[in-house]
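In what follows, a structure is listed as structure tokens, so that the remarks can point back to it.
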Amino acid sequence: MTETPLVSVVMPSLNQAQFIEQSIRSVLEQSYENTELIVVDGLSTDGTIELLVSLQKEFSGRLQWVSQKDTGPAQALNHAISLAKGEIIGWLNSDDLYLPSAIMRAVDHFDVNAQHQMAYGFGQHIGPTGQSLGEYPTKPPSSPMDTFLEGSFICQPTVFMRAKALQQVGVLDETIATAFDFDLWVRFFKRFPRQIGLIRRMQACSRLHAACLTKRQRKQVALDGVRVITKHLGPAPEHWFWTHVDEMCENHPFTAETLPLTKQLENFLIEIRPMVEAERFKQFIETLKQDYRFGLSNPQLFATVQPDGWVSKKVHVKYKWDGIPATNVILVCNANWPVEGKMRLKILTPSGAIQRSVVDCPSEFALSFDVPQEQTSGSMMWTVETDQGFVPSKHDNNSDDSRKLSFRVTGLRLQNPATPTAKPPPPPNQ
């Protein structure tokens, strides 16, 4: 390696005008100046091209870009890598950020550790406005390969690779829609065991927002993660399946998805079935048949209960409508405590008002939530909270259930939409 090796940073882009200038500056305003940035854009229409034209003039000779149709970010990255001239390759998405001196630390790491073919550091998640959302769960490269069964422990924008090593590992797999980075890390670890390094500093920020792949394509992320694991490491752990099932339930019905929750699950099962052993798949089905959430849901309404219908401290009741809404949402519950008592409930309404109620335990009770009669589409959420409950294992020697349970939801329904007021008869002809 030369004293000041050229570092090539590749950046895929599509309609990220609100973030891309900050991302580009985080690369080209680094203290390490022997850096080139290659942006491959997928025909953005939001002003990105105008920004690239302006920034190319400002960073003359260090920023090159092309805008062309592609099949996705993996293809864009492969094209950018083919244009790179550097000995070291970095990869930064057009909404992520390098922290100051990140490139210098990577260059210094490779200079000191000649045997390392790839290095990564610590990263943190940030929100749309740059607010910190917590550190990425990074693990050291000494972790066993089986650690990848739990998911990627490498924060993508912190990664730097030797260009020659990347040539040996091969290009990004363009058939993988979302987890192509995960696939590349596993291939690096398999190709270069004990030749991966860790830069023990905070290197980059990974931005989470509504339009990013991680947020926008949750089902595809789960499916692709299972595909990568099955391809390289064997059967994927069950948490990949159940995590996505929980996410579907947690987000319903406040998504762009128009299918009922049960149909969403059916589609997911069809796609994941070829990647799951027959016996395990059968077990999934049997468990799902007992999952109370799917029987409770409807296309407009959902309560965030646990799979057996119980609530621990808090439940969100969500309603989404198109047109004239129902007059009320009814939540039917059973506080089947093993001892008598009273449970205090706090209800946070969509307007921010707080209502309070007290119910006897054990008993059945129902809560009725008023829905403002608006004539347009909308959505609302009520939150029911309590700090009271019981732990089953403390009352039943045969139970190993250590949850603190408050009440069980046994029904969720809508009262009929308001009947439109009859129009008055037309006035008599004059």
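Values in this text are rule-based calculations from the coordinates and carry no lab data. Every value quoted in this text rests on a predicted model; they were computed, and no experiment measured them. Positions of Cβ are generated from backbone atoms using ideal geometry, with glycine treated the same way; all protein chains shown enter the neighbour counts.
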Checklist entry - For the chain, what does -39500 (n - 2.57) per DSSP helix run (n ≥ 4), summed and divided by total residues, give at 222 nm, in deg cm²/dmol to the nearest 500? => result -8500 deg cm²/dmol
Checklist outcome for this item: Expressed as a whole-number percentage, the relative contact order of segment 262-395 with C-alpha contacts under 8 angstrom and at least six residues apart is 26
Checklist entry - What are the ³J(HN,Hα) values, in whole Hz, obtained from phi via the Karplus relation 6.51 cos²θ - 1.76 cosθ + 1.60 with θ = phi - 60°, for each residue of segment 58-71 in sequence order, with x given for Gly and Pro? => result 5, 10, 3, x, 10, 10, 10, 8, 9, 10, 8, 5, 9, 8
Checklist entry - About its Cα centre, what dipole magnitude does segment 215-295 give when the only charges are +1 on Lys and Arg Cβ and -1 on Asp and Glu Cβ, stated in debye to the nearest 20? => result 220
Checklist entry - If Lys and Arg each add +1 and Asp and Glu each add -1, what is the summed charge of the other residues whose beta carbon sits under 11 Å from the beta carbon of P157? => result -2
Item to check | P(r) histogram, all alpha-carbon pairs of the chain included - 10 Å bins from 0, percent | outcome: 4, 17, 23, 20, 17, 12, 5, 1, 0, 0
Checklist entry - Near the amide H of G197, under 5 Å away, which other amide H atoms are found, from residues 5 or more places off or on another chain, if H is placed in the peptide plane? => result Q117, M118, A119, Y120
Item to check | Net charge, C361 excluded, C-beta distance under 10 Å - Lys, Arg +1, Asp, Glu -1 | outcome: -1
Checklist outcome for this item: Residue by residue through segment 172-181, the couplings from Karplus 6.51 cos²θ - 1.76 cosθ + 1.60 with θ = phi - 60°, in Hz, x for Gly and Pro, are 5, 6, 6, 7, 9, 6, 10, 9, 5, 5
Item to check | Under Karplus coefficients 6.51, -1.76 and 1.60, residue-wise ³J(HN,Hα) of segment 306-322 in Hz, glycine/proline x | outcome: 7, x, 9, x, 7, 10, 10, 6, 8, 9, 9, 10, 10, 9, 10, 9, 9
Checklist entry - Taking the chain as a Gaussian network, Cα atoms linked when under 10 Å apart, which of S351, S94, S13 shows the biggest mean-square fluctuation? => result S351
Checklist entry - Once amide H atoms are placed 1.01 Å from N in the peptide plane, what residues at a sequence separation of 5 or more from Q203, or on another chain, have their amide H within under 5 Å of its amide H? => result F122, G123
Item to check | Size descriptor, Kirkwood hydrodynamic radius, that averages inverse alpha-carbon separations across segment 215-295, Å | outcome: 13.2
Item to check | Over the chain, relative contact order from alpha-carbon pairs under 8 Å, at least 6 apart, % | outcome: 12
Checklist entry - Can you give the convex hull volume per residue for the Cα atoms of segment 296-414, as a whole number of Å³? => result 90
Checklist outcome for this item: In debye to the nearest 20, the charge dipole size for the chain, taken about the Cα centre with +1 at each Lys and Arg Cβ and -1 at each Asp and Glu Cβ, equals 400
Item to check | Environment charge of N78, counting only residues whose C-beta is closer than 11 Å and scoring Lys/Arg +1, Asp/Glu -1 | outcome: -3
Checklist entry - Percent relative contact order of segment 282-353, based on C-alpha pairs within less than 8 angstrom and at least six residues apart? => result 20
Next on the checklist: Please check: in the Gaussian network model of the chain (C-alpha springs, under 10 Å), which one of V226, V332, V305 has the largest mean-square fluctuation.
Outcome noted: V332
Checklist entry - Taking the Cα atoms only, what angle lies between the long axis of helix 239-251 and the longest principal axis of the chain, rounded to 10 degrees? => result 60
Checklist outcome for this item: For segment 7-209 (alpha-carbon point model, no solvent) the Debye-based log₁₀ I(q)/I(0) at q = 0.17 Å⁻¹ works out to -1.19
Next on the checklist: Just to compare against my own numbers: the Cα pair-distance distribution for segment 165-306, 10 Å bins, whole % per bin, please.
Outcome noted: 9, 33, 32, 17, 8, 0
Checklist entry - Counting only residues 5 or more places away or on other chains, whose amide H sits under 5 Å from the amide H of E87 once H atoms are built in the peptide plane? => result L6, S8
